[in-house]
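Laboratory data are not the source of any read-out in this text; all were calculated from the coordinates shown. None of these values were measured; they are calculated from a predicted model. Cβ coordinates were reconstructed from backbone atoms using ideal geometry, including for glycine residues, and neighbour counts include every protein chain displayed.
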Amino acid sequence: MFPVAPQEAARLRALRDLAIVGTPPEPHFEAVCRTAAALFSVPISLVSLVEADEQWFKASCGLDFVRTSRAIAFCAHAILAEDVLVVEDATLDPRFAQNPLVTGPPHIRFYAGAPLTLGPGLQVGTLCLKDVVARRFSEAERRQLRDLAAIVVAQLRLHRAEREIAEREERYRLAALATKDAIWDWDLVSDAVTWSDAAETLFGRGSAEAALTGAQWMERIHPEDRDRARASIARVVDGTEDHYGGEYRFRRGDGSYAQVLDRGFVIRSESGTALRMVGALHDVTARRLSESALRASEERLRLALRAGRMVAWERDLRTGLATRSDNARELLGIGSGPISDLLDRVHPDDRAHVGDFSAYGGSLDAVEFRFRPPEAPEMWLCMRAEQAEPERIVGITFDITDRKRAEARLWRTANHDPLTELPNRALFQARFRTALAEAERRGTPVGLLLIDIDDFKDVNDTLGHDAGDAMLKEMGARLSALIRPADTVARLGGDEFAVVLAQPSGLAEAAGFAEHLVARLREPFRYRDRPLSSKVSIGLAGYPTHHRLPDELMKDADIALYRAKSAGRNRVAVYAPEMRALTERRVAIAGEMREALDQGRIIPFYQPKVCLATKRIVGFEALARWRHPTDGIRAPGYFGSAFEDPELARAIGACMIGHVAADMRGWLASGLDFGRVAVNVSSAEFHQPDLAETMLGVLAAAGVPATRLEIEVTETVFLGRGSDCVAAILGRFHESGVTVALDDFGTGYASLTHLKQFPVDHIKVDQSFVRGLEQDGDDAAIVAAVIGLGRSLQTQVTAEGVETQGQADRLRAMGCDFAQGYRYAKPMIGTRIPWLIRNWGRAPAPARAAAG
């Protein structure tokens, strides 16, 4: 059995990484063997590589076989140490006396082997000498053998490097096919050459056009390279070689030459005739210039050090002294001397790392650190070092302050909102996760607040985006001033902000802080010499009360924010589990409504409006209905939440006016007098400045006069900073003959000034007051007041939700103009309207109601 090194697995990996075992002989290794045999006057000299079970000779002198079992290999013992193994007389050494190479041919008596060491414990083989006679081996000879072994190690490293270079070149060749190299296609029959657009960028304007044939292409190749390129192409065309590749100088459009790497292959006919060549030119000029720069003189290096703000140095590990280049004092404020001159000025947090690095070095490694020169501000330096000798380290230190500042600017740009300078969504999410991890470790709570500015769109629409930006900046500044140092505030986008409260005492404290924010954020600020204010809605979720995962907590807070906004805004809502079910239902309904719109299942039903004095139909209100494929007709009571989505509300509105216009066109064609048809228009639709033009255009396309339409709006349409836009739209409707009805009057927040400010023709009393008209004195008083208001303003009044004859009689006595409700008819599909109009007055009220 043979001895095994402590790091045998790592040693074998290092040997495999060389990929040299089994390769053909190479002159460099053979030369070392011949030199060793001649230098030491031995008949046998070998470069031996020790595998798991065998030793293989990369080069040999004096032997006619290339491998032996490891069990009989002298080199198996030599690789156990880092120094030369010498066996002066093998017959006297119990390790080798019975070795078949000693007892039999070639009858070895003397052995000296220097290990080939690639790293600590990584002796992959030996450079060894063998003789058939015993002999002594001096210390001088040992040194010489070690020197030769170092040459072999260098050759091994070179072999590995060349292999890696070859592999990289192959990968590069494949990758270059997908790059923006100048791709060419050469028709060998017509001699025409076509180029990709990249040729313009690579070689200058006009170069691609100038080389439209193979002959012109050849003329652009440098005269010294032309014959070689022609010959290489010819070998590929005649089939001697499979692929074409070469490097030469190619003349650009401006007359200069680019060093290019050219690759290509031949496309042949079924008979083997070469038809075309396709390939790519890759500009390697910069690479060749870089390689040339690496071979610059020492003066060039000195100038580069100065220009690059770099200091070259070397450290003697025996004395601790560092010798630095001449520009060290200029850049660092220190010259050659002890390493402590540098370390004393390194930032305390970086000092230990820098000290270790400068003591041991590290090939291709680097350390970055902060350094304060004697009479200059702190700077960032990068140090690279390599151990050139056991007791000498060489390195370079250069100024990276500008790079660090640029990185800091880039990091800030990538992680902060440019308008408010607050953390953006990405940084917020990272800090939020960190806060939750810290809270889990400490067992403390965390509060999450999502904040949305109410009516922010109105600010942008009425005062411009500069005002909106000013409001966002003010909100960001106020939030930053109100939070604690441990908390985080961020702008997530648009008018949405977020706050992470680290370690509140509990959910109650977080809710109290949120209420404080609502109060403070609605305080006005000055914008261009005018007060500007807004209100906010806040959704609050808490860890671990609600959820533990960041994504789920974000959903919780978002759901709570929606609740705050839908409950009237300017308030705080704390998440509760039942909110999620309502939100999921709302989202599901919205999705179903979108599908229903796509499938044409949103249709109008019509309820008549009756004159209380004449009992005749004077018009209809169009009410949205969902024709569900399995559940039948669904009313807005089921899908009303869909109107909270502005985009969906606008889509439903557009669908309704289209259907209503088509129905009115049919009724007009049948000669029916149906009066006006009222359609409900949501607040979201008034965000479209061209709303009036769009709806009037639908009527015009259907051939329906605008005087046949009435639009119904709720009081919420008049609220907010967009009232000027609403007034303009309503004015356009009014000018075109469309009447405007104010729906659900008395239930919202509108003031009487809105009846003067906006062109309202018609007031509709909400059914909640009409329902208690006969029993509740307050309801009766409210209805009477609204009717009186309408009479004073010369505005017609309609009572909604009339269900009994008693209600109708009471309304008529009060002076109400019109009524609408189940007393007269339920809402019905458009195809039933002709029957209703023709039979009105003949059919009893219950029958008309049932007709719906």
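Observations on the structure shown:
- Highest to lowest packing among 652-660, 253-261, 219-227, 628-636, scored as the average C-beta count within 10 Å: 652-660, 253-261, 219-227, 628-636
- Shape class of the range 600-851 from the alpha-carbon gyration tensor: rounded, with the ratio a/c of largest to smallest axis under 1.5.
- ARG146/GLU219 FRET efficiency (R0 45 Å; Cβ-Cβ; nearest 0.05): 0.20
- Over the chain, DSSP H runs of length four or greater, each weighted -39,500 (n - 2.57), average out per residue to a 222 nm ellipticity of -13000 deg cm²/dmol.
- The protection proxy used here, the mean number of other Cβ atoms lying within 10 Å of each residue, ranks peptides 670-679, 536-545, 600-609, 282-291 as follows, highest first: 536-545, 600-609, 670-679, 282-291.
- Summarising the strand pairing of the chain, around 85 percent of its internal DSSP beta bridges are antiparallel.
- Cα-based shape type of the range 573-614, given that a ≥ b ≥ c are square roots of the gyration tensor eigenvalues and the cut on a/c is 1.5: oblate
- Put a dot 7 Å past the Cα of GLN503, heading toward its Cβ, do the same for SER533, and the two dots end up 3.6 nm apart.
- Computed E for LEU39/LEU549 - FRET, C-beta separation, R0 60 angstrom, nearest 0.05: 0.25
- Proportion of all alpha-carbon pairs of the chain beyond 48 Å (%): 59 percent
- Sorting the segments 112-118, 828-834 by their mean number of nearby beta carbons within 10 angstrom, highest to lowest, gives 112-118, 828-834.
- If the chain linking ARG425 and GLU54 were pulled fully straight, counting 0.36 nm for each residue of separation and taking away their Cα-Cα distance, it would gain 127.4 nm.
- Counting 0.36 nm for each residue step from ASP761 to SER290 and taking away their Cα separation leaves a gain of 161.3 nm.
- Isotropic mean projected area of the C-alpha convex hull, the range 416-575 (nm²): 8.6 nm²
- Computed across the range 177-290, the Kirkwood radius stands at 14.2 Å (inverse of mean 1/r, all Cα pairs).
- Cysteines having no other Cys beta carbon under 4.7 Å from their own, within the chain: CYS75, CYS128, CYS382, CYS611, CYS655, CYS725, CYS816
- For the range 828-842, 3J(HN,Hα) computed residue by residue from phi via the Karplus equation (6.51, -1.76, 1.60; θ = phi - 60°) reads 9, 5, x, 5, 8, 5, x, 4, 4, 5, 5, 9, 5, x, 8 Hz, glycine and proline entered as x.
- Two-site FRET efficiency, GLN7 against ALA408, from Cβ-Cβ distance with R₀ of 41 Å, rounded to 0.05: 0.40
- For LYS609, a cut-off of 23 angstrom between C-alpha atoms picks up these lysines, skipping any fewer than 8 places away in its own chain: LYS764, LYS826.
- Total formal charge among the other residues, if their Cβ is under 13 angstrom from that of ASP690, Lys/Arg +1 and Asp/Glu -1: 0
- Kyte-Doolittle mean at least 1.6 and Cα axial length at least 15 Å: DSSP H helices in the chain: 691-702
- Other-chain or far-sequence residues with amide H under 5 Å of ASP817's (modelled H): VAL797
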